[in-house]
Ligand SMILES: [Zn+2]
Ligand SMILES: [Zn+2]
């Protein structure tokens, strides 16, 4: 039995690591194509981001692997595989509930992590990436990785979700974790500007967190930042992009599609 649990934990760690390498690698390649030179001179930082992210993969993978084993063997967790166990309308609702609760957990733990002691002890590592790259998605100190690793396992123990809906939640989590750090805005303008953009978090919003630190703590939604008065609008990629264009040989496209203005 112990062997099966260990194998499940190992397998999940490998899956999380490969998911990270594939997603971050893919968006790093896209960055190189769209903004050549944006990551130039950041090789040592990116190596550090990869090492810490792979360490986080183990911290995320072990509890997830143990739970996956318990689910298969003993029916732990509220994850269901027959889509008719709950009404169909519950599928999108469950995804939304998971995203809202995960966002809430992230906002408050992240905000706490910016208090002087936990910042110095743990969260400073994430902010050592200046500017962050697509590889920084899971670059967290182990203490911070543990606080992130318990969120989804606690949710699957408490709130029913179809296995495919859970897959969608994990995909959104992974893609947003990477794209929020990659240094440019890939989403269409309506997602980060205007009525919808007022409530959604994309790269422009998290960019400002990495510029100013004491604001924009959320993960998916701007709800808590707005309610608590910590929302300081969108960051600005123009300077980084202009520098990248100069480094790449004087390309004319300094800002490109997705340069947010100041909205603070
Ligand atoms: Zn960040
Ligand atoms: Zn932070």
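Throughout, read-outs are computed from the coordinates displayed, never taken from laboratory work. All values reported here derive from a predicted model rather than from experimental measurement. As a convention, Cβ positions derive from the backbone with ideal geometry for all residues, glycine included, and neighbour counts pool all protein chains shown.
Sort 232, 73, 144 by Cβ crowding within 10 Å, fewest neighbours at the top. Don't jump to the answer; show the numbers that get you there.
Working: 232 18, 73 12, 144 24.
In order of increasing Cβ crowding within 10 Å: 73, 232, 144.
Helix 43-74 and the longest principal axis of the Cα set of the chain meet at an angle near 20°.
At 0.36 nm per residue, minus the direct Cα-Cα distance, what do residue 196 and residue 127 gain on full extension? Give it in nm, one decimal, please. Walk me through the intermediate numbers first.
Details: separation 69, 0.36 × 69 = 24.84 nm, distance 2.77 nm.
22.1 nm is the gain from fully extending residue 196 to residue 127.
Entry note, the chain: relative contact order of 22 percent, from Cα contacts under 8 Å with a spacing of 6+ residues.
Among 136, 248, 203, the largest mean-square fluctuation in a Gaussian network model of the chain (Cα springs under 10 Å) belongs to 248.
Calculate, for residue 6 and residue 43, the FRET efficiency according to 1/(1 + (r/R0)^6) with r their C-beta to C-beta distance and R0 35 Å; round to the nearest 0.05. Plugging the Cβ-Cβ distance into 1/(1 + (r/R0)^6) gives 0.50. The range 113-151 and the range 73-110 have Cα centres separated by 25 Å. Considering only 44, 245, 165, the Gaussian network model of the chain with Cα springs below 10 Å gives its largest mean-square fluctuation to 44. For the chain, a Gaussian network of Cα nodes joined below 10 Å ranks 184, 52, 199 by mean-square fluctuation, and the top entry is 199. When 129, 81, 204 are arranged by Cβ crowding within 10 Å, least crowded first, meaning fewest neighbours, the order is 81, 129, 204.
Under 16 Å from a label point set 7 Å out along the Cα-to-Cβ vector of residue 159, the amide N atoms of the range 106-122 belong to 106-109. If you take the beta carbon distance between residue 96 and residue 186 as r and set R0 to 30 Å, what does 1/(1 + (r/R0)^6) give as a FRET efficiency, to the nearest 0.05? About 0.85, to the nearest 0.05.
Hey, what's the Kirkwood Rh for the chain if you take every pair of different alpha carbons, in angstrom? Walk me through the intermediate numbers first.
Values: mean 1/r = 0.0517 Å⁻¹.
One decimal place: 19.4 Å for the Kirkwood radius.
Taking the Cβ of each residue in 43, 240 as the centre, tally the other Cβ atoms inside 10 Å and list the residues starting with the fewest. Mind dumping the intermediate values first?
Values: 43 9, 240 18.
Arranged by neighbour count, lowest to highest, 43, 240 become 43, 240.
To the nearest 500 deg cm²/dmol, what mean residue ellipticity at 222 nm is calculated for the chain from DSSP H runs of n ≥ 4 alone, each contributing -39,500 (n - 2.57), summed and divided by the residues? Intermediate results must be reported in sequence, preceding the final value.
Working: 11 runs with 155 residues, N = 264.
Computed ellipticity for the chain at 222 nm equals -19000 deg cm²/dmol.
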